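Down below is the structure, laid out as structure tokens.
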Amino acid sequence: MTTFASPELPGIRRSDFPPDFRWGCSTSSYQIEGAIHEGGRGESIWDRFCRTPRHIRDGSSGAVACDHYHRWPQDLDLARDLGVNAYRFSIAWPRVFPQGRGERPNEAGLAFYDRLVDGMLERGLEPWATLYHWDLPQALQEAHGGWASRDTVAAFLEYTDAVTRRLGDRIKHWITHNEPWCTAFLGHHEGNHAPGIMNYRTALQVCHHLLLSHGLAVPQIRANVAGAQVGITLSLHPIFPASDSLADQAAAMRHDGSRNRWFLDPLYGRHYPADVVARLGDLAPIVQRGDFEAMAAPTDFLGVNYYFPEVVADAPGHGPLATQVVEQPGVERTAFGWPVSPQGMVDLLTRIQRDWAPARVYLTENGSTYDDVVLPDGRIEDTQRRSYLERHLAAARQARDAGVPLEGYFAWSLLDNFEWAEGYVRRFGLTHVDYTTQRRTLKASGRWYAGFLAG
Ligand code: FCB
């Protein structure tokens, strides 16, 4: 059991971290770019998903989003002015191969990222590129069911090859996938993310293909990019049983098996966890000879997106794993309802180190959503987000003190943006975006981060 309590943390300073620590912020293509019909971009599964009534809470889409496609110089200026030294972004596959694959990549799509990356370098921002942050070309969904098919693994490798050949002279840090759990389970089991499928078996097969495509991409990226640093970003959670009962403890173990170990075990050479496989029975994914070896390709780092811990109870009849996440009364939460627990971040990172020992770890996302109030003079005093950030940076330092090779922290997010099924209702930005005027305003949290980075 945990109380989620954060220890009393001392004031945190940049000088508490080594000089070469990566300080960044993160974004993703579909959430900020807009301009979905420009530069020859093809349709993505999110364009299609957003057109289906009731999928997105406010009926919106990423069609315009932050209009970053046109306003990127200003956005990179914002990142530079924050004082970050690294910038994590993602490449939209439908800009590079509008139909998912093809003989030649779309020149206008690659040229956009060429300019963007040059813009980062000009501003002293080290580019960290994510190849897949959920915007699959719709054509691949239609041709053979998207990630449910092994054909998409082959298509991903073609796309990866084109992108890394073109940008690998300037981008050295590559992340294959962002949060495969979300792609697989939100997109194909819960159905509240694109492509909106609700089938547990499909979700598991999708998951297998994502991890396989990651593993096969690793040597390919290394072959195309001199000095490449390659990793994957997972959404991971510390998990606690709802009570001391044996049933709840076993449930927490099963949940951990599907949330965390299902990804980390095969990535670190241990195949899928046997206890979960046994529980899944014939729902388990089809694995071909050589898949596990491919998935375990050694990486340079593990990207961790940390948002919240989960408390789990035994729940007979509740899904294939008979588990349920239960709400803890009296716990601090963000506007999303996500529990706030900097201590959970320390617990998670130290556990990852103990059980899988990645060579290096980067927090590739961490952040919070609150109902920001714009004051009459235009300022946004988001004290809760500021406090969240400060406490999680202190937790990052604690994890380092405990021996975790944590080498960087990327705040989610540079800008308020299209928050998937939540549309524009949820704001995670250090910078406020007025979606009617596209005006950007640094929030108090962003000002605090800039002050912290300035030392
Ligand atoms: C993560 C996603 C990111 C953003 C944050 C709030 O799961 O990777 O795109 O939506 O959550």
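Descriptive notes on the structure:
- At q = 0.11, 0.16, 0.21 Å⁻¹ the log10 of I(q)/I(0) for segment 13-124 amounts to -0.43, -0.80, -1.13, computed by Debye summation with a single uniform scatterer per C-alpha, solvent ignored.
- The chain - accessible surface per residue (Å², probe 1.4 Å): 37
- Probe 1.4 Å, all protein chains present, accessible-area order of Asp382, Asp151, Asp282, largest first: Asp282, Asp151, Asp382
- DSSP bridge pairs, segment 14-453: antiparallel proportion in percent, nearest 5: 20
- Computed over neighbours whose Cβ is under 14 Å from that of Gln328, the net charge equals -3, Lys and Arg +1, Asp and Glu -1.
- Estimated at 0.36 nm per residue, the fully extended path between Arg13 and Ser245 surpasses their Cα-Cα distance by 79.4 nm.
- Summed side-chain charge close to Val404 - residues other than Val404 whose Cβ falls under 15 Å, Lys, Arg +1, Asp, Glu -1: +1
- Accessible surface ranking for Glu365, Glu332, 1.4 angstrom probe, highest first: Glu332, Glu365.
- Of the accessible area of the chain, computed with a 1.4 Å probe over protein heavy atoms only, carbon and sulfur atoms account for 52 percent.
- Hull volume per residue, based on the alpha-carbon atoms of the chain and their convex hull, is 140 Å³.
- Karplus-derived 3J(HN,Hα), 6.51/-1.76/1.60, for each residue of segment 82-93, Hz, glycine and proline x: 5, x, 6, 10, 9, 9, 9, 9, 10, 9, 7, 3
- Total formal charge among the other residues, if their Cβ is under 9 angstrom from that of Gly423, Lys/Arg +1 and Asp/Glu -1: -1
- Cα gyration tensor shape of segment 310-353, rounded if a/c is under 1.5, else prolate or oblate by comparing a/b with b/c: oblate
- Among 346-359, 184-197, the peptide with the highest mean count of other Cβ atoms within 10 Å heads the list, and the full ranking is 184-197, 346-359.
The values are calculated or read from the model by the stated rules, or taken from the named source; none is laboratory data. Just so it is clear, the model here is predicted, and its values are computed rather than measured. Cβ atoms come from the backbone with ideal geometry, glycine included; neighbour counts cover every protein chain shown. What goes into the accessible areas is simple: the full protein's heavy atoms, side chains included, and nothing from ligands, DNA or RNA. Shrake-Rupley method; radii C 1.70, N 1.55, O 1.52, S 1.80 Å.
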